[in-house]
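Student: I'd like to ask you about the structure that follows.
Derivation of every value follows stated rules applied to the coordinates shown; laboratory data play no part. Because the structure is predicted, anything quoted here is derived from the model rather than measured. No Cβ is skipped: glycine too gets one built from the backbone with ideal geometry, and neighbour counts run over all protein chains shown.
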Amino acid sequence: MIRPLDKRPNIIRFGADGWQARLDDGFDEAGVRRVADALGLLWAEAHPGATILVGYDTRHSSAEYARVAAGVLASFGLRSVVSDRPCPTPVVSWCCSRRADAVGVVMLTASERSCEYGGLIVRGADGGPVSREFLDTVEQHISLEPPADKGDYRTENFVDQYLDDLITLVDGAAIAAAAPRVVVDPMYGAGAGVLSLALKRLGCEVTEIHAEPCEDFCGLHPEPCDPWADECEEAVSSTASDMGFLLDCDGDRAGVIDENGNILLPHELSPLVLGHLVENRGESGRVVVTLTCSARIARQAERLGCQLTSVPVGFSRIYREMLEGDVILGTEEYGGLAFPSHMLERDGLLTCLLVVELVAKSGRGVRQLVSDMGDKIGHMRYTRRDVRLDPAATQAFRNVLPGLNPGSVAGRRPVEVSHADGLRLQFDDGSWVLMRPSRSDPVVRVYSEAPTEGERDRLLDASCGMVRAGA
């Protein structure tokens with residue numbers, strides 16, 4: 001039976017995917033036991049005897065905590081299966097989606113966060129995110145004391161199962177014929193040895209960096225963007241490689257380095273991959289984006305004849321659209337790409353393989369492909385600025401936001417106004433600006449995109465001023 005809800009204060013709070021906290025501020029074995037206990041209770045009530053897959057990344061104590069969580073889950077009569085090595089989140093999510101007996105995933109990772117953080121994220125039976133309602137219920141059933149009970153679990157090689165399928169999703173003959181030179185940077189994360197093995201099996205010449213065990217990531221922040229991409233960029237240049245790839249710590253997001261040693265922006269990568277899916281692979285369907293994504297993905301979708309669906313920020317909203325079907329690609333602001341024909345979750349490794357396939361089949365370099373795409377859909381300049389306020393001022397802005405409807409911004413009249421996720425103003429040349437209060441921090445995020453940096457920055461400055469005045 002589900003235990004009565006504990007009415008006392010509960011210090012563990014879930015974010016969008018689960019629980020993340022600093023190792024020196026609450027993320028410890030006792031907390032992992034408590035969360036696993038609540039998950040086990042609810043899963044066992046709904047699915048007695050079902051299987052739960054448990055994975056972990058390379059950060060401090062992740063392997064140990066994964067085994068702890070597996071034992072607690074098994075104490076409820078669930079069959080716990082733990083990865084026999086660090087593995088990316090897409091690996092364990094994919095394995096769960098292919099098993100009829102599996103109802104969920106527990107992944108010990110803090111994704112792109114620094115080494116000072118630990119995390120426990122939760123996925124559902126299809127490998128995608130669980131509902132906010134489920135996470136809220138789990139949170140309510142977290143006991144104040146860690147359970148002592150533990151059961152038996154077994155280990156399994158998830159990585160090989162996943163890789164055997166992954167490499168069939170791209171044209172191996174075309175890639176082998178091109179034999180591209182590739183640098184892989186897993187950023188000391190769970191992708192170490194995984195993406196590089198897939199590329200080698202496909203016939204690439206691979207140089208891998210930052211793959212050795214290093215629990216503090218040797219000072220590197222495992223996020224696939226500058227400045228953390230510097231050493232990968234340098235490696236691409238020094239080895240005269242055709243491209244480079246970075247993975248965040250749990251492998252659900254990727255960064256791509258062009259042949260000149262420069263990283264692609266997420267707003268370049270998404271429309272580039274979409275073009276490949278439609279024009280070279282013959283795929284079709286809707287494109288689902290968050291409202292903070294670049295206009296370039298919308299322009300590419302229109303050019304290719306794909307319907308575009310825009311949703312508020314949060315991958316769970318993209319996931320819900322993918323559940324409806326007829327979706328070719330889901331993409332979010334930070335470059336996480338999901339391919340529903342593969343799995344209802346982001347997969348940085350498949351993103352990299354698709355870029356390799358594109359380069360191999362086109363015979364063109366990544367930067368040239370991006371330039372060609374810009375000639376077709378137009379070049380835009382995108383940025384974001386965070387306006388930090390005190391909590392009271394942030395709440396004050398939230399309060400006035402629903403009624404905010406400016407007639408002009410930086411001397412320009414909007415042609416479309418949306419309050420779907422903050423305040424988004426669209427202008428007649430495709431420029432736009434979005435003011436969006438954070439759900440968790442005292443900050444308002446202001447996004448702007450325009451054909452030129454000058455116009456973009458004028459919209460940004462005026463909108464930041466509007467935020468401060470409204471607060």
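Student: Distance between Cα centroids, the range 267-307 to the range 174-213: provide it in whole Å.
Tutor: 26 Å
Student: Here's a follow-up. Mind listing the long-range amide H neighbours of Val311? Cut-off is under 5 Å, sequence gap 5 or more, other chains count too, H placed in the peptide plane at 1.01 Å from N.
Tutor: Val289, Thr290, Leu291
Student: Now, a different point. Between rounded, prolate and oblate, where does the range 151-193 land on the alpha carbon gyration tensor, with a ≥ b ≥ c its root eigenvalues, rounded for a/c under 1.5, else prolate if a/b exceeds b/c?
Tutor: Note, shape of the range 151-193 comes out oblate.
Student: So for Asp24, Asp372, fewest C-beta neighbours within 10 Å to most, what's the order?
Tutor: Fewest to most other Cβ atoms nearby, the residues stand as Asp24, Asp372.
Student: Here's a follow-up. Averaging over all projection directions, find the projected area of the Cα convex hull of the range 381-470 and quote it in nm² with one decimal place.
Tutor: Over all viewing directions, the range 381-470 projects a mean Cα-hull area of 5.2 nm².
Student: Another question about this same structure. Quick one: check the C-alpha center-to-center distance for the range 345-377 versus the range 394-419, whole angstrom.
Tutor: First find each Cα centre; the distance between them is then 37 Å.
Student: Would you compute, from DSSP H runs of 4+ residues alone, the mean residue ellipticity of the chain at 222 nm, taking -39500 (n - 2.57) per run and dividing by the full residue count, rounded to the nearest 500?
Tutor: -10500 deg cm²/dmol
Student: Report, for the chain, the % of DSSP beta bridges that are antiparallel, rounded to 5.
Tutor: In the chain, DSSP labels about 60 percent of beta bridges as antiparallel.
Student: Shape of the range 206-274 from its Cα gyration tensor (a ≥ b ≥ c, root eigenvalues): rounded if a/c is under 1.5, otherwise prolate when a/b > b/c, or oblate?
Tutor: Oblate shape, in that a/c is at least 1.5 and b/c is the bigger or equal ratio.
Student: Hey, rough spin-label estimate for Glu279 and Asp226, points 7 angstrom out along Cα→Cβ, what's it come to in nanometres?
Tutor: In this crude label model, Glu279 to Asp226 measures out at 2.6 nm.
Student: I would also like to ask the following. Decide, for the chain, between rounded, prolate and oblate: order the square roots of the alpha carbon gyration tensor eigenvalues as a ≥ b ≥ c, take rounded if a/c falls under 1.5, and otherwise choose prolate if a/b is larger than b/c, else oblate.
Tutor: Verdict is oblate for the chain.
Student: Suppose R0 equals 30 Å; then what is the FRET efficiency for Val415 and Asp386 from their Cβ-Cβ distance, rounded to the nearest 0.05?
Tutor: The computed FRET efficiency comes out at 0.65.
Student: Right, something else. Find the relative contact order for the range 170-377 and round it to a whole percent, using C-alpha pairs within less than 8 Å whose residues are 6+ positions apart.
Tutor: In percent, rounded to a whole number, it is 21.
Student: Sketch the reach of a paramagnetic label on Lys376 as a point 7 Å from Cα along Cα-to-Cβ, and name the residues of the range 250-276 whose backbone nitrogen lies under 18 Å away.
Tutor: 265, 267-276
Student: For Gln140 and Ala30, compute 0.36 nm times the residue count separating them, minus their Cα-Cα distance, and round to one decimal in nm.
Tutor: The span from Gln140 to Ala30 would gain 37.9 nm if fully extended.
Student: If you average the alpha carbon positions of the range 215-245 and of the range 86-162, how far apart do those two centres end up, in angstrom?
Tutor: Going from one Cα centre to the other spans 28 Å.
Student: At a 10 Å Cβ-Cβ cut-off, how would you order Thr351, Thr383, fewest neighbours first?
Tutor: Thr383, Thr351
Student: Please work out the ratio of the alpha-carbon Rg of the range 118-184 to 2.2 N^0.38 Å and round it to two decimals.
Tutor: Ratio of Cα Rg to 2.2 N^0.38 Å: 1.85.
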